[in-house]
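Working notes, beginning with the structure itself.
The values are calculated or read from the model by the stated rules, or taken from the named source; none is laboratory data. Everything numeric in this text was worked out from a predicted model, so none of it was measured. Cβ placement follows ideal geometry from the backbone for every residue including glycine, while neighbour counts extend to all protein chains displayed. What goes into the accessible areas is simple: the full protein's heavy atoms, side chains included, and nothing from ligands, DNA or RNA. Shrake-Rupley method; radii C 1.70, N 1.55, O 1.52, S 1.80 Å.
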Amino acid sequence: MTAQPQTEAATQAGLGETTLNLIALGAAIGANAERAFRAHHARLTELGVSNDDMIEAVNMALRVKGDPHSQIMALAQTALVGEGGGCCGGACACEEAGGQKGDCGDDCDCK
């Protein structure tokens with residue numbers, strides 16, 4: 001018995017080549033793997049996948065990747081500045097205007 005290539009086995013399980021490459025494109029974003037991103041982008045283009053569909057996969061990957069970033073930034077905020085310190089350790093325009101801690105805009109004095 002010989003092993004089947006991953007794409008053939010996955011296709012038999014219901015995942016097509018397009019889906020596999022969209023997953024790989026998102027994984028490349030998550031892993032910061034430029035070569036993998038370029039390779040899967042090229043393959044998806046060959047398969048006729050629209051940029052909008054690829055953008056959707058990338059955006060999903062960014063949402064997944066962003067959760068740990070948000071969590072560690074919240075930890076840093078609490079540990080280094082405290083609960084009431086604002087994004088720069090004091091009162092910020094973002095909080096004074098009713099925004100969330102760290103939700104600074106161009107009008108924030110901490111920039």
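What full-extension length gain, to one decimal in nm, is calculated for Arg43 and Ile23 as 0.36 nm per residue of separation minus the Cα-Cα distance?
6.0 nm
With r as the distance between the Cβ atoms of Ala79 and Leu15 and R0 = 41 Å, compute the FRET efficiency 1/(1 + (r/R0)^6) and round to 0.05.
0.45
Rank Arg63, Arg35, Arg43 by accessible area, highest first, at a 1.4 Å probe radius?
Arg35, Arg63, Arg43
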